[in-house]
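What follows is a single structure, written as structure tokens, with notes after it.
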Amino acid sequence: MNPDPSHSELTLPDIVLQSLQSGECIQLLLCKPSDKQVSAFKKVTLRPLIIKGKSHYQFALLRGRQEVHENLLWEESIPRIKELWTEHFREGYLFTQQADYHFRKTKQGHVSMKKHAPTKAQQKEAETHNRSKQYLIPEGVPCAFLEAIGVMSGAGKVKAAQYHKFRQINRYMEFINDIVPSLPGSGELNIVDFGCGKSYLTFATHYLFTKILKRRVNITGLDLKQSVVAHCQQIAKDLQCQGLTFETGDISRFQSGANKYDLSISLHACDTATDAAIAAAVSSDTDVIMAVPCCQHELFQQISSLSQAGLLKHGILKEKIASLVTDALRALVLEICGYRTQVIEFIETEHTPKNLLIRAVKRQRQLPGRELRELVHQFRSLKDQYGINTFYLEQALGEQFKKLCQMPGYAMTGNDG
């Protein structure tokens, strides 16, 4: 089916490649994995998007219960989707404005194709029509807290130098809005922001729940700097933000007391402060945890691997690997502790290199013992592979985490199935 005679007949159909190159692809789905291992890719979804005026495709890759996103230019997407199809999947669906296509690898050694009437064309037109209305806080509409923190003028105009922050705030609110179904549906919500800093996301969270969703909240912003806390408290007082308070304190010494938090957020808490925030949230049985890590130095001094010596001898590359390994271990710890975890792109890399968001939702039912053992195996193998002896988050959780790693199964309560 592919004109290149050097490839087998199991390559992607021409119509798929043509739709990706022409931009006619609305969505592409690869499923039915060839590998049945828990660690294998289960599904890949691809959709077009524009980043900084350039055409990209966003890949949502589901491995086990963890989803990771990749944003690639369209010319980079073609070899990536070819690789995923060839090595990992047996079936796919292509959605265009003209038609839907279902293709699969057959036992006879070729790819069969069926064409159907389009199902997503109207959805695509609606998305195009509504593109300018997608922000939860729209441009041109005055917003008191954005004016107070210097992002917007009193007339609702976003300041040019603050536009990236305006987009970041809206993006973060979208992520929080996505997990609202995992929070209690009624009553007051208890929320904590660890390492809140200047608190623009704390105010955004308060705005989302009180002004847009009409919920009552009890939000606590925690930070080490007393001057910053006093400044944020004054803004909250001036804006009459009910249910929003700020406290001076160390994340690692945080005690929730009688409070059970429904949502924990942390933005750019430096190094192990992110781990302290995650540990505090897990220990408090928080329903949803959202963390955007900052600098990850803890593993940089430990990390080593004979098989990757050529990669790790370069300091800048070693730093990137250490950051990725740190976040991978964090995600695995959360999975082991009973959370459905995703690692998602938070904001485009031209704004900040620290652009990953770890989002974890408490499961309602326990994982089967086999899946739990596989997660523990992945966690230990990753540590062994990179010569990691100590990991702050593991130590911060102490006996709670140690017992989970030794149990064939575990009981829990929460909001996700």
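Computed on the chain, with alpha-carbon pairs under 8 angstrom and 6+ residues apart, the relative contact order is 11 percent. Computed extension length for GLN18-GLN234: 72.1 nm, one decimal, from 0.36 nm per residue of separation with the Cα-Cα distance subtracted.
For LYS157, the aspartates and glutamates whose Cα falls under 18 Å of its own Cα, not counting residues fewer than eight places away in the same chain, are GLU139, GLU147. Within the listed set GLY140, GLY109, GLY92, the residue fluctuating most in the Gaussian network model of the chain (springs between alpha-carbon atoms under 10 angstrom) is GLY109.
Each of PHE300, PHE391 has some number of other Cβ atoms within 10 Å of its Cβ, and from fewest to most they run PHE300, PHE391. Going by alpha carbons, how many degrees (0 to 90, nearest 10) lie between the helix axis of 392-406 and the longest principal axis of the chain? Around 60 degrees separate the two axes. Annotation: extensible slack from LEU317 through THR86 equals 80.3 nm (criterion: 0.36 nm per residue apart, minus Cα-Cα distance). Cβ crowding within 10 Å ranks HIS164, HIS206 as HIS164, HIS206, fewest other Cβ atoms first.
For the chain, modelled as a GNM whose springs connect Cα atoms under 10 angstrom apart, the maximal fluctuation among LEU397, LEU317, LEU146 occurs at LEU317. Each of SER227, SER305 was scored by other Cβ atoms within 10 Å of its Cβ. Arranged with the fewest first, they read SER227, SER305.
Rounded to the nearest 5, what % of the DSSP beta bridges within the chain are antiparallel ones? Within the chain, antiparallel bridges account for around 70 percent of the total. Among ASP262, ASP14, ASP287, determine the one that fluctuates most according to a GNM of the chain built with springs between C-alpha atoms less than 10 Å apart. Ranking ASP262, ASP14, ASP287 by mean-square fluctuation puts ASP14 first. Placing unit charges on the Cβ atoms only, positive for Lys and Arg and negative for Asp and Glu, gives the chain a dipole magnitude near 640 debye about its Cα centre.
Only the coordinates and a few stated rules stand behind these numbers; no lab work does. Nothing here was measured: the structure is a model prediction, and the numbers come from that model. Every residue, glycine as well, gets a Cβ built from its backbone with ideal geometry; the counts of neighbours run over all protein chains shown.
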